[in-house]
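Readers should treat all values here as calculations from the given coordinates under stated rules, not as data from a laboratory. All of these numbers come straight from a predicted model, not from anything done at the bench. As a convention, Cβ positions derive from the backbone with ideal geometry for all residues, glycine included, and neighbour counts pool all protein chains shown.
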Amino acid sequence: SKNNRMYDTLLQLPLFQGMTKQNFDALLMKLKLNFVKYKAGTKFIEAGSACTDFVFLINGSVVSSRESAVAGFVYKEVIGAPFLLEPFAMFGVSATFNHDYYAQTDISVLLIDKQYVYSELNKYDICGMNLLNMLSGKAQVVDRFIWSRKEFTLRERIIRFVKGLSELQYGEKYLQIKMNTLAGLMDTTRLKVSNELNDMAESGLIVLKRKEIYIPDMTKLIETTL
């Protein structure tokens, strides 16, 4: 049934994994669940807006977009359901979203108000541990990224740059950037960057468009440096 499918989807979300059916049923009775649907193309979260809810992508796919205020480029990636959008934005000094989010397809989103997260989810140790694991995992990824630098070739530096911008290390990515800007960030010449990108395009790793680099499969791109 539709309710059973929704139930199974919710249990796939990282915050609820490992919960017993009895505890999950009791939790759903107390939580204020707000299900919202958005049509394809709708911008439903704006960067810089207050993160007052846990935002679970239940159905469909979205595009996250973030603009660099300093270097003047835009990075986009496709995220499919089920997925929890920026749980780390719930806490800390700013507690705001870092990205704009657009519905790529028609989507369904579950919102859980922050106050219910504090009051109800904390009653279940497994939820607290799941949340701690998510936040710790994010911190560990950043730490490993900073300390694992071993890139020597220009291609390796370009791929590392893209990896650092990515929330997911797989799927489709879009980097909207001027060649001169990328060359400056890579500390090399525009010609060398252009030649390297053309070689990558000939290998099928990327697709070059006007002021945009499209990466159809991030996994394939990363594997070239392993």
| For the range 47-187, with +1 on Lys and Arg beta carbons and -1 on Asp and Glu, the positive-most of PHE97, SER64, MET186 along the dipole | MET186
| query | So how strong a dipole does the chain carry about its Cα centre when Lys and Arg Cβ are +1 and Asp and Glu Cβ are -1, to the nearest 20 debye? | reply | 220 debye
| message | Give the residue list of chymotrypsin sites (Phe, Trp or Tyr not before Pro) in the range 88-131 that are DSSP loop and have at most 15 other beta-carbon atoms within 10 angstrom. | response | PHE91
| query | Between the helical axis of 190-202 and the dominant principal axis of the chain, each derived from Cα atoms, what acute angle in degrees is found, rounded to the nearest 10? | reply | 60 degrees
| Hey, what angle do you get for helix 21-30 against the long axis of the chain, alpha-carbon based, 0 to 90 degrees rounded to 10? | 80 degrees
| task | Can you work out the PRE-style zone for ASP106? Point 7 Å along Cα to Cβ, and I want the residues of the range 30-44 with backbone N under 12 Å. | result | 37-40
| Label point 7 Å out from GLN169 along Cα-to-Cβ: which residues of the range 177-215 have amide N under 19 Å? | 215
| request: Over all alpha-carbon pairs in the chain, figure out the percentage whose distance exceeds 24 Å. | output: 50 percent
| field | Two-site FRET efficiency, LYS43 against TYR118, from Cβ-Cβ distance with R₀ of 35 Å, rounded to 0.05 | value | 0.80
| How do 181-190, 57-66, 32-41, 166-175 rank on mean C-beta neighbours within 10 Å, highest first? | 57-66, 166-175, 181-190, 32-41
| field | Between 0 and 90°, nearest 10: helix 2-12 axis offset from the chain longest Cα axis | value | 60 degrees
| note | Cross-link reach from LYS21 to lysines, straight Cα distance under 24 Å and at least 8 residues apart if same chain, gives LYS2, LYS30, LYS32, LYS114, LYS123
| field | Label-point gap, in nm, between GLN22 and LEU208 - each point 7 angstrom along Cα→Cβ | value | 6.3 nm
